[in-house]
């Protein structure tokens, strides 16, 4: 049996196929949602799930939540304020410091996954070792690998890593739509946002485009609301600088204030109470117009009671929710569709319960979204159906995902040579043949890149390795480079010397350790600098041609130039001078034309050179 798992930022779920139907499995208390929270007590085993979530208000420093936001990331990238301590040198993988040791996000995620496995084995009365786990569509390779590693640490064989929006489409029963139906999946959860455009074609789900931000979600609204509570309820008294002995103080994200109070710090236990109150209020305001927030004894004997309206919450949340609009428009543009061409828009993720979110989605796509499924459970149901597909319990449905950015290598001259274009359907395997650019070259450096810019330095380096081969004249060595993205979206790069068969295969596991804001910036810059980039590419390619042509012409003139007429030599000299002038001026199209003119002017010179070589060979 293969189970399906939604490893969420806020909550996680597990399911299995039963008599042909996807069933989400409950824990011993009958709850299907398991909070993705782990508490590390002073002694004994860690608490996971609901029991751990209850400890956040009393021991927030040793209670880990929202760990999904740190998985596959490095110190310096994360921007979340959390009540537990993070560790590690800048640029190193993020770690969480608990009690007497450091934990990786994968290890903490594995504890959540182990809890799900135990609950599933109790419910099904059988051992569970195989799983499908979902991830945000915009998770990079490092984050996907880290998620897979967490599953393996929990004792699973991870059969497939599936994009959350794609899984959600299955849960909504969209496989039963007519062929060529096109669907948008708007997935706004606790920590991540994805928008995917899918098309159904003869039982095959193909992702036409995907976009998103793995650091945008309900947590950001929670933090903004916590800041409002801090200012409205606590700030007049917080100037006394209350700190709890021996505890690490956490600062709620703030914006600069006139009185210089922006750096006030709040003890973790009070921060946790504010957070819990904010989340409860946010949930209630999805169905109520106003709520009363009571915080008894928040500061010693002092208590707080205040009213929050839905309108106030929407004012706070609007700038955060608005950030999803650009991603939606970009996904539609990449899919080459207008909103009117979509057959359905579905909502996934608990944050889509918010009326503000639903209104924005209706505005962006020009239609009311499909809310027929529980948005908290849709991804887990889809993961379970995908598990059924892999096990053979579900027939006639296939999922095909895409790669969100182009992949390639750096070639001579510092250019980006794309091997897998952006929006290619995965799994995919493709490659190209490359040759040595320098005579006597004995090795080739394979620099793997991801991005949309024409010049290598403007893209993201994923990794590099060297393949050795026999010394060869320029252009004689042959090295095949093959890229393969497996069903989990993980990239494998192979380089092979065709003469000797020597090869290297590298799994790119460090991948794009950059923020998703940088992903957006990459796409924006590729459009903004499109003409400039293409001009740079044209000039670089023309310069490489010139660098070959000019020395070759000089050498040929020395050998057979005396056989040319004065007019021919004058013409070659003029063409040669124009190439040098265009090079000095840095004018790409002029240089390209000059190269072509020099090629044309040296046709007879090349013929004479070949004839001389043939005569020499005949002797």
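The values are calculated or read from the model by the stated rules, or taken from the named source; none is laboratory data. Small disclaimer: the values here were computed from a predicted structure and weren't measured. For neighbour counting, all protein chains shown are included, and Cβ atoms are generated from backbone atoms with ideal geometry for every residue, glycine included.
Of the conditions (1) modelled with pLDDT of 90 or more; (2) buried (at least 24 other Cβ atoms within 10 Å of the Cβ), residue 60 satisfies every one except a single condition; which number is it?
Status for residue 60: all satisfied but (1).
Which of the residues spanning the range 448-462 are in a strand (DSSP E or B) and crowded, with 18+ Cβ neighbours inside 10 Å?
Going through the range 448-462, the residues in a strand (DSSP E or B) turn out to be 448-450, 455, 460-462.
Result: 448, 449, 450, 455, 460, 462.
So, of the residues in the range 38-64 that are touching a residue at least 40 places away in the same chain (Cβ under 8 Å) and in a loop (DSSP other than H, G, I, E, B), which turns out to be farthest from residue 84 (Cα to Cα)?
Just the residues of the range 38-64 that are touching a residue at least 40 places away in the same chain (Cβ under 8 Å), to begin with: 38, 40, 42, 46, 48-49, 56-61, 63-64.
Imposing the further condition that a residue be in a loop (DSSP other than H, G, I, E, B) reduces the set to 40, 42, 46, 49, 56-59.
On the way: 40: 11, 42: 15, 46: 15, 49: 17, 56: 10, 57: 12, 58: 13, 59: 10 Å.
Once the filter is applied, the top-ranked residue is 49.
So which residues in the range 334-359 are within 24 Å of the chain's Cα centre (by Cα) and either over 18 Å from residue 195 (Cα atoms) or surrounded by 14 or more Cβ atoms within 10 Å (Cβ to Cβ) (or both)? So that I can check it myself, show each step before the final result.
At the first step, the residues of the range 334-359 found to be within 24 Å of the chain's Cα centre (by Cα) are 334-337, 345-352, 357.
Correct list: 334, 335, 337, 345, 346, 347, 348, 349, 350, 351, 352, 357.
When both residues are 6+ apart or on different chains and their Cβ atoms are under 7 Å apart, which pairs have a first residue that lies in the range 462-488 and is more than 17 Å from residue 421 (Cα to Cα) and not assigned by TED's automatic domain parsing to the domain that holds residue 435, and a second that is outside any loop (DSSP other than H, G, I, E, B) and modelled with pLDDT under 85?
From the range 462-488, no pairs qualify.
Based on this model, can you work out whether residue 308 counts as within 28 Å of residue 230 (Cβ to Cβ) and not in a helix (DSSP H, G or I)?
Values: within 28 Å of residue 230 (Cβ to Cβ): yes; not in a helix (DSSP H, G or I): yes.
Judged against the criteria, residue 308 is a match.
Do any strands (runs of 3 or more DSSP E) lying entirely in the range 80-159 carry at least 1 residues that are out of contact with any helix residue (DSSP H, G or I) (no Cβ under 9 Å at 6 or more places or on another chain) and modelled with pLDDT of 90 or more, and which ones are they?
On the way: elements: 95-98, 101-103, 130-135.
Hits in the range 80-159: 95-98, 101-103.
Kindly establish whether residue 563 is in contact with a helix residue (DSSP H, G or I) (Cβ under 7 Å, 6 or more places away or on another chain), surrounded by 18 or more Cβ atoms within 10 Å (Cβ to Cβ) and over 30 Å from residue 330 (Cα atoms).
No.
Quick one: which of 469, 465 is within 29 Å of residue 159 (Cβ to Cβ), at pLDDT 85 or above and part of a strand (DSSP E or B)?
Details: 469 fails: within 29 Å of residue 159 (Cβ to Cβ).
Checking each option against the conditions leaves just 465.
Evaluate the following for residue 581: is it modelled with pLDDT of 90 or more, within 49 Å of the chain's Cα centre (by Cα) and either surrounded by fewer than 14 Cβ atoms within 10 Å (Cβ to Cβ) or not assigned by TED's automatic domain parsing to the domain that holds residue 541 (or both)?
Working: modelled with pLDDT of 90 or more: yes; within 49 Å of the chain's Cα centre (by Cα): yes; either surrounded by fewer than 14 Cβ atoms within 10 Å (Cβ to Cβ) or not assigned by TED's automatic domain parsing to the domain that holds residue 541 (or both): yes.
So residue 581 passes the test.
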